[in-house]
Each structure stands twice: as structure tokens, then as C-alpha cells.
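**Q** Have a look at this one.
Read the figures in this text as sums done on the coordinates, not as results from a lab. This is a predicted model, so every value here is computed, not measured. Ideal geometry is used to build each Cβ from the backbone, glycine not excepted, and the neighbour counts take in all protein chains shown.
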Amino acid sequence: AQSVSQHNHHVILSEAASLELGCNYSYGGTVNLFWYVQYPGQHLQLLLKYFSGDPLVKGIKGFEAEFIKSKFSFNLRKPSVQWSDTAEYFCAVNADSGGSNYKLTFGKGTLLTVNP
Amino acid sequence: GAVVSQHPSRVICKSGTSVKIECRSLDFQATTMFWYRQFPKQSLMLMATSNEGSKATYEQGVEKDKFLINHASLTLSTLTVTSAHPEDSSFYICSAIRGLYQETQYFGPGTRLLVL
């Protein structure tokens with residue numbers, strides 16, 4: 001079974017600082033990778049996803065993530081964070097079986113606090 | 001976008017009673033819905049996968065007689081927590097997909113259950 005680990009439980013940054021949130025997964029086969037964000041009081045929203053192709057994926061709100069297969073990693077980055085990026089970020093993975101498997105395994109989440 | 005709603009958003013009940021939580025896809029037909037449970041400061045744990053018109057598939061360790069899932073239509077799935085106990089108190093989140101190739105899950109806002 002696959003598992004997902006997120007290295008940081010809580011990250012605190014000042015506005016304009018650069019962000020990198022770590023995500024590693026354990027699964028030997030082909031995977032699909034996701035980053036979801038949960039703003040305070042809101043539901044989970046998809047930030048970006050990787051299925052295949054260019055390992056550098058760009059998402060909404062200036063976020064991007066890089067899939068490094070050899071490191072089993074899918075780290076999330078943003079060059080300059082804003083106060084409105086304060087939220088909880090979840091990395092998730094599913095085992096690719098021809099596009100018919102939608103079951104997700106989530107990491108524990110990283111709470112990002114951006115101070116103005 | 002694809003919108004998923006949950007009702008109620010919050011429920012308090014007495015130990016021994018049953019509670020029903022609804023998950024609806026508002027602007028699309030969901031072939032598959034998922035039910036998750038989230039503990040404080042922890043990840044989302046998949047409880048079960050439900051497909052319209054068929055029995056739900058439960059994850060290992062989830063009691064199917066305790067957590068009854070019904071997916072009677074393409075827009076509605078219900079989770080009933082039977083004979084609820086304080087340890088069932090949690091945040092329950094549903095998600096839905098249309099079943100398209102390489103699709104992502106759309107999440108509901110969650111239901112906070114408190115069993116006294």
C-alpha cells in the first residue's frame with residue numbers, strides 16, 4: 001500500500017518569502033500526484049496535479065510542484081507567498097492503473113501561516 | 001466547476017443514536033463518491049468508496065455495519081453512523097468524481113460530528 005509523508009507540520013513565513021513544502025511517497029509503481037489546499041473554514045481544493053509528461057507542474061495561484069521520480073518526491077513551491085496563502089496543504093497520491101483508480105492516500109498536511 | 005455539498009455541516013447527538021450525513025454533487029453526476037474521516041491534526045483517512053447502485057467498498061478496519069453508506073442516485077450518497085459513540089466524533093468529508101479518465105476528486109465542505 002502506498003503512503004505519503006509531509007515533512008513539515010507547521011511552517012511560518014513572512015509575506016514575500018519563498019515557500020517549499022516537502023512531500024514524499026512510497027509506492028513502487030506509477031503514481032498520480034496531487035496537492036490540495038484547505039483555506040480556513042473551506043473545503044479542500046485542488047492546487048495542482050501530475051499524471052504524466054513534464055515533471056514540473058504549474059497550478060493555480062502561482063504554485064508549482066516538481067515530480068522527482070528517483071526521490072519519490074513531489075515538493076510544492078511558490079516564489080513569493082502572500083498572507084492569503086495561509087491554509088493547510090495536503091499532498092496526495094494514487095496508484096495509476098490506467099486511469100480507473102481514483103482512491104487517494106493523503107499526507108498529514110502542512111499548516112502554512114503567512115504573517116503580513 | 002464541480003460543486004459538492006454536505007449536510008449537515010455540524011451535528012451533535014447523544015450516544016446510541018444514529019446520524020445521517022448527506023453528500024450531494026450539485027452540478028454533475030457522480031459515478032463514484034468517497035467518504036473520508038479526518039482526526040484533528042491528522043490526515044484524511046479513506047473510509048469507503050461508493051458507486052451508484054452498488055454496495056460500498058470499505059477500507060480495512062472500517063466497520064460496514066457501523067458506517068452505512070447508500071449511493072442511491074448519481075447525485076446523492078449518504079453516510080449513516082449507527083449507534084454513535086463518543087469515539088465516532090470526528091470530521092467526515094465526502095468527495096465525488098464523474099468517472100472520467102484522469103479525473104480529480106471534488107470535495108465537500110465536511111461535517112463535524114460530536115457524540116456526547
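**Q** Can you give me the P(r) profile for the protein assembly as shown? Cα pairs, bins 10 angstrom wide beginning at 0, each as a whole percent.
**A** Per 10 Å bin, starting at 0, the Cα pair percentages come out as 8, 32, 35, 20, 5, 0.
**Q** May I pose another question? Would you list, by chain and number, the lysines whose Cα falls below 22 Å from the Cα of B:Lys20, excluding same-chain residues fewer than 8 positions away?
**A** B:Lys20 reaches B:Lys55, B:Lys64, B:Lys66.
**Q** Among A:Tyr36, A:Tyr50, A:Tyr27, which one moves the most in a GNM of chain A with springs linking Cα atoms closer than 10 Å?
**A** A:Tyr27
**Q** Setting aside same-chain residues fewer than 8 positions from A:Lys49, which lysines have a Cα under 27 Å from its Cα?
**A** Partners found: A:Lys58, A:Lys61, A:Lys69, A:Lys71, A:Lys78, A:Lys103, A:Lys108, B:Lys41.
**Q** Which of A:Pro55, A:Pro40, A:Pro79 moves the most in a Gaussian network model of chain A with Cα springs under 10 Å?
**A** With Cα springs under 10 Å in chain A, the top fluctuation among A:Pro55, A:Pro40, A:Pro79 is at A:Pro40.
**Q** Assuming 0.890 mPa s and 25 °C, estimate D for chain A with Stokes-Einstein, Rh taken as the Kirkwood radius over Cα pairs, in µm²/s.
**A** Estimated via Stokes-Einstein, D reaches 172 µm²/s.
**Q** Same structure, new question: Given the alpha-carbon gyration tensor of chain B, what are the semi-axes of its equivalent ellipsoid in whole angstrom, ordered largest first, with each equal to the square root of 5 times an eigenvalue?
**A** In descending order, the three semi-axes are 23, 14, 13 Å.
**Q** Give, as ranges by residue number, the residues of the range B:13-46 whose backbone N falls under 16 Å from the point 7 Å along Cα→Cβ of A:Thr113.
**A** Answer for the range B:13-46: B:41.
**Q** Under the definition of partner shielding as Cβ atoms of other protein chains within 10 Å of a residue Cβ, what is the mean value for peptide A:47-59? Before the final figure, lay out the partial values.
**A** Values: counts 0, 1, 3, 0, 3, 1, 0, 0, 0, 0, 0, 0, 0.
Mean partner-chain Cβ count within 10 Å for A:47-59: 1.
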